[in-house]
Amino acid sequence: MADRYLHFTGTAPGRFLTRRLGLPQPAPLRRWSPGTPSLDGPLLHLTAGKSAATEELAALLTATGLDVTARAERPAGMVVDATAVDTPRTLADVHAALHPVIRSLAPGGRVVVVGVRPSADDHHQAAAQQALEGFVRSLGKEIGRGATVQLLRVAPDALASAGSTLRFLLSPRSAYVSGQVIELTSAAPDPVADWEVPLAGRTALVTGAARGIGASVASVLARDGARVVCLDVPQAKDELTRTADRLGAAALPLDITADDAAERIAAAVPGGLDVLVHNAGITRDRRLANMPADRWASVVDVNLDSVLRTTDALLEAGTVRRGGRIVATASIAGIAGNNGQTNYAASKAGIIGLVRSLAPRAAADHGVTVNAVAPGFIETKMTAAVPLFIREAGRRMNSLSQGGLPVDVAETTAWFAQPASTAVNGQIVRVCGQSLLGA
Ligand code: NAD
């Protein structure tokens with residue numbers, strides 16, 4: 001399961017050899033751990049042109065506790081305020097802001113371009129703001145050394161809702177997230193008493209939590225203060241109990257496709273649920289011509305249908321409380337498609353449809369957000385089973401030249417789950433190191 005190549009390129013002879021042969025040079029990524037600084041250096045606050053948001057953004061960045069400055073020799077992060085960009089000519093202000101300093105970004109640095117939603121009424125503004133997407137995705141591909149680049153679109157006058165997202169994007173929690181476009185609504189964030197344990201007093205349930213990504217999600221939500229219930233199939237009961245015990249969580253052995261799954265979940269959380277993470281998933285790969293109906297049906301049932309059924313039932317029953325968060329699991333296969341995975345990719349694309357359609361209604365009717373993570377190549381038992389050459393291609397074909405870790409998906413889920421993330425709704429965020437697939 002370990003990435004031996006990444007280890008090899010971290011040694012002096014490995015670096016020498018791979019450079020000579022023109023092979024990818026993955027930079028080791030820093031993950032978050034308690035007590036370490038979010039950024040290993042100052043954060044540059046840059047402005048493209050003259051922006052009305054400068055002061056508000058400065059206040060927001062300062063509130064993150066980062067060392068915010070207008071000038072630094074070796075910045076660890078850069079935030080570019082591009083909210084005023086509304087024509088191709090003012091787009092040049094983004095170039096003018098970043099061009100002189102981009103080389104000085106520290107390894108593993110963070111770049112966040114802050115824009116606004118492309119307008120439906122002004123096609124010049126829409127062209128310029130959409131242009132930022134191509135800019136950010138290209139910069140993500142060329143920046144190297146483990147750095148990441150994102151575009152954050154805020155609704156007009158809604159910068160105040162961006163706090164939790166800026167904290168996430170400007171920290172090692174987003175180590176494997178790059179080239180993403182995240183759009184915030186204008187919903188007011190719920191207050192956070194303690195950013196170290198933002199989920200204190202909240203109850204979370206994670207499906208497929210015995211191992212892999214689900215176990216890591218459960219662990220990160222527990223670290224962030226949530227009471228966690230770990231759900232997995234009865235056949236995985238021993239592994240499930242071990243994982244739950246390790247986290248001080250409760251275990252719920254249950255097949256999520258069971259007819260009474262929603263009632264059993266509701267019974268396991270009598271006080272209601274604040275965070276529901278649909279992570280359980282299976283693959284049953286075959287090309288369509290060789291795929292029997294049962295392989296098709298089981299994948300769609302576990303990955304998509306059960307998510308629809310339990311979400312509907314738990315929302316309608318009020319089990320997912322106001323202020324609640326639903327996080328589903330898509331995949332880059334659901335965006336790009338994959339040979340031998342018509343069933344899996346269909347189920348994961350279905351998750352994207354579910355999220356986009358339900359998110360505005362769930363917010364309006366229930367006060368609940370609905371988002372999805374779309375993992376790329378994550379080092380788990382699922383990907384360890386992939387044949388060697390396909391595995392190596394999946395691992396390397398992204399801007400960071402390496403696979404992600406379960407914790408990368410877990411940190412993204414935890415950001416969605418935060419009380420302060422009310423404005424993050426209907427988003428599909430890829431945790432894929434800016435994979436070439438689905439780009
Ligand atoms: P995994 O196989 O290691 O873990 C999946 C867990 O889900 C297992 O513990 C399994 O027992 C459980 N599960 C399966 N069917 C279930 C059911 N009917 N009811 C309850 N639990 C059930 O997989 P993983 O790599 O940790 O993947 C987790 C999720 O992330 C899946 O939805 C997967 O499709 C998605 N994903 C993973 C990757 C990756 O690279 N690993 C990439 C994209 C998407």
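Values as computed for the structure displayed
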{"item": "On Cα atoms only, tilt of 123-143 relative to the major axis of the chain in degrees", "result": "80"}
{"item": "Choice from 130, 235, 418 with maximal GNM fluctuation in the chain (Cα, 10 Å cutoff)", "result": "235"}
{"item": "Hz values of 3J(HN,Hα) by residue in the range 407-413 - Karplus curve (6.51, -1.76, 1.60), Gly and Pro given as x", "result": "5, 5, 5, 5, 5, 5, 4"}
{"item": "Where trypsin sites (Lys or Arg not before Pro) in DSSP loops with at most 13 other Cβ within 10 Å are excluded, longest remaining stretch of the chain", "result": "288-439"}
{"item": "Charge dipole magnitude, Cβ of K and R +1, D and E -1 - the chain, Cα centre, debye nearest 20", "result": "1520"}
{"item": "Extension gain, residue 11 back to residue 322 (0.36 nm per residue minus Cα-Cα distance, nm)", "result": "106.9 nm"}
{"item": "Over the range 149-196, equivalent-ellipsoid semi-axes from the Cα gyration tensor in Å", "result": "19, 16, 6"}
{"item": "Residues residue 160 and residue 69, FRET efficiency given R0 of 25 Å [Cβ-Cβ distance, rounded to 0.05]", "result": "0.70"}
{"item": "Extension gain, residue 103 back to residue 365 (0.36 nm per residue minus Cα-Cα distance, nm)", "result": "89.6 nm"}
{"item": "As computed over the range 269-311, the Cα convex hull volume per residue (Å³)", "result": "73"}
{"item": "Of the GluC sites (Glu not before Pro) in the range 44-127, those whose Cβ has at most 14 other Cβ within 10 Å and which sit in DSSP loop", "result": "73"}
{"item": "Exposure proxy ranking, count of Cβ atoms within 10 Å, fewest first, for 168, 16, 389, 135", "result": "389, 16, 135, 168"}
{"item": "Extension gain from residue 127 to residue 258, taking 0.36 nm per residue of separation minus the Cα-Cα distance", "result": "42.4 nm"}
{"item": "With Cα atoms, 0 to 90° folded angle of helix 237-247 axis to the chain main axis", "result": "40"}
{"item": "The range 203-431: Cα Rg divided by the 2.2 N^0.38 Å rule of thumb", "result": "0.96"}
{"item": "From phi via Karplus (6.51, -1.76, 1.60), per-residue ³J(HN,Hα) for the range 285-291 in Hz, x at Gly/Pro", "result": "6, 6, 5, 3, 4, 10, 8"}
{"item": "Sorted by Cβ neighbour density within 10 Å, fewest at the top, the residues 176, 344", "result": "344, 176"}
{"item": "Span per principal axis, largest first, for the Cα atoms of the chain (Å)", "result": "58, 53, 44"}
{"item": "Residue (of 146, 349, 327) at the positive-pole extreme of the chain, dipole from beta-carbon charges", "result": "146"}
{"item": "The range 34-183 shape via C-alpha gyration tensor axes, a/c threshold 1.5", "result": "prolate"}
{"item": "Share of alpha-carbon pairs per 10 Å distance bin for the range 28-90, given as whole %", "result": "20, 43, 27, 9, 1"}
{"item": "Cut-off under 5 Å, modelled amide H: who pairs with residue 178 long-range", "result": "432, 433, 434"}
{"item": "Prolate/oblate/rounded label for the range 99-169 (Cα gyration tensor, a/c 1.5)", "result": "oblate"}
{"item": "20 °C / 1.002 mPa s Stokes-Einstein diffusion coefficient of the range 212-319, Kirkwood radius on C-alpha pairs, µm²/s", "result": "144"}
{"item": "Nearest 10 degrees, 0 to 90: helix 306-316 Cα axis against the chain principal axis", "result": "90"}
{"item": "Relative contact order %, the chain, counting alpha carbon pairs below 8 Å whose residues are six or more apart", "result": "15"}
{"item": "In order through the range 156-168: 3J(HN,Hα) via Karplus (6.51 cos²θ - 1.76 cosθ + 1.60), integer Hz, x for Gly, Pro", "result": "x, 6, 10, 4, 4, 7, 8, x, 5, 6, 5, 4, 5"}
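Readers should treat all values here as calculations from the given coordinates under stated rules, not as data from a laboratory. Note that this is a predicted model, so its numbers are computed, not measured. Ideal geometry is used to build each Cβ from the backbone, glycine not excepted, and the neighbour counts take in all protein chains shown.
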